[in-house]
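Student: To start, I am sharing the structure in question, which I have written as structure tokens.
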Amino acid sequence: MAAHLLLLHGLNHSFVPCYSSSINCLPLRASTSSHGQCPIPKSKPSMMVSCLTKRSPRRSTKAFASIPHLRTEKFFELELKVRDYELDQFGYVNNTVYANYCQHAQHELLGSIGINADAVARTGNSLAITEMDLQYIAPLRSHDKFVVRVKLTGISTTRMLSEQSIYKLPDFELIAKGVTITVCLNKSNRPTRVPDQFSSKLLEFFSME
């Protein structure tokens, strides 16, 4: 099965499949990024949107071995603001847009540690999101400011596992949370080994104080 995913198609507030090819982001907006200690908020069960896959990320994450010295409270943070064209007819951010927020934050994380997705693509290889689970907790509205936090939770030979959380500012209300699996692909669009420089930079960032 082809591993290109992540441009969501579907109706508002419904279950929808996801498709895409490597890391493509929404147009950039004014944003800031940082990292720090991540609170773990309590949340209630909510609706889920899953990408096209025979296995849900909740099951396939078992394939990732635990990483020694990985700091579970360490995260990368990106601050963003809701744009009017991201809203649905009810005045809320369209559910499908949240996946783009998560994807954009992951793209910025890679750039912040010296991994350029565009440079990778020019070599014929690519980074593709193959699976994403999102749980929606509360809505965002026009001009709301929010942050997306990304945490690395596992790396296998060909894949990287991460968690994303979206919090509304200024009170850090949990809006959505998700789990994402990213695979490294070769020129034939087949899974290939994650380059050592990728894994070493990610592990260094998420293991350091």
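Student: Can you tell me how much longer the chain between Asp144 and Lys81 gets when fully stretched, taken as 0.36 nm per residue apart minus their C-alpha distance, in nm with one decimal?
Tutor: 22.1 nm
Student: I've got another one for you. Excluding ligands and nucleic acids, what accessible area in Å² is computed for His143 using a 1.4 Å probe, to the nearest 10?
Tutor: Per-residue accessible area (His143): approximately 110 Å².
Student: Please report the accessible area of Asp196 (heavy atoms, 1.4 Å probe, ligands and nucleic acids excluded) in Å², nearest 10.
Tutor: In the full protein context, Asp196 sits at about 110 Å².
Student: Here's something else I'd like to know. For Ile115, what accessible area in Å² do you get when you roll a 1.4 Å probe over the heavy atoms of the protein chains, rounding to the nearest 10?
Tutor: 10
Student: Under 14 Å Cα-Cα from Lys168, which aspartates and glutamates qualify once same-chain neighbours fewer than 8 residues away are excluded?
Tutor: Output for Lys168: Glu77, Glu79, Asp144.
The values are calculated or read from the model by the stated rules, or taken from the named source; none is laboratory data. Predicted model only: the values in this text are computed from it and were never measured. These area figures cover heavy atoms from the full protein model, side chains too; ligands, DNA and RNA do not enter into them. Shrake-Rupley method; radii C 1.70, N 1.55, O 1.52, S 1.80 Å.
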